[in-house]
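These notes are about the structure you will find just below.
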């Protein structure tokens, strides 16, 4: 998957927006004003890595299973993973992880906001 395919997929998600809230190189994708993905669009090593929210148990499993999944940048614990776009995950696997990240964000919203999102 390349960065444009990632961007297109993230923006295809219902209610998704993109912005640069931190700096001019960190592209952030949100739903309901909550981040579900972010990526440095100017990586120093030329390797694009997207940061995705993840459940703690699944994070451990993914990091053991794939070399392309590591601890998220600028995050603590197991709640964010950094996923390389060109290592050992297929495009479909990356899309599944984006969907998982979205679901992690939605399920932590207050019930009213969850219902609002479902009715978009």
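Laboratory data are not the source of any read-out in this text; all were calculated from the coordinates shown. Please read these numbers as outputs of a predicted model, since none were measured by experiment. Neighbour counts are summed over all protein chains in view; Cβ atoms, including those assigned to glycine, are modelled from backbone coordinates with ideal geometry.
Quick look at the numbers
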read-out: Residue in the stretch 58-81 that is in a strand (DSSP E or B), surrounded by fewer than 20 Cβ atoms within 10 Å (Cβ to Cβ) and out of contact with any strand residue (DSSP E or B) (no Cβ under 7 Å at 6 or more places or on another chain) present; value: no
read-out: Qualifying residue in the stretch 2-12 (condition: over 27 Å from residue 116 (Cα atoms), without any contact (Cβ under 8 Å) to a residue 60 or more places away in the chain, part of a loop (DSSP other than H, G, I, E, B) and out of contact with any strand residue (DSSP E or B) (no Cβ under 6 Å at 6 or more places or on another chain)); value: no
read-out: Condition check for residue 102: closer than 25 Å to residue 4 by Cβ, in contact (Cβ under 8 Å) with a residue 40 or more places away in the chain and out of contact with any helix residue (DSSP H, G or I) (no Cβ under 8 Å at 6 or more places or on another chain); value: yes
read-out: The lone exception for residue 27 - which of (1) in contact with a helix residue (DSSP H, G or I) (Cβ under 8 Å, 6 or more places away or on another chain); (2) without any contact (Cβ under 8 Å) to a residue 24 or more places away in the chain; (3) part of a loop (DSSP other than H, G, I, E, B) it fails; value: (3)
read-out: In the stretch 40-57, the residues that are free of Cβ contacts under 8 Å to residues at least 24 places away in the same chain and assigned to a loop (DSSP other than H, G, I, E, B); value: 42, 43, 44, 45, 46
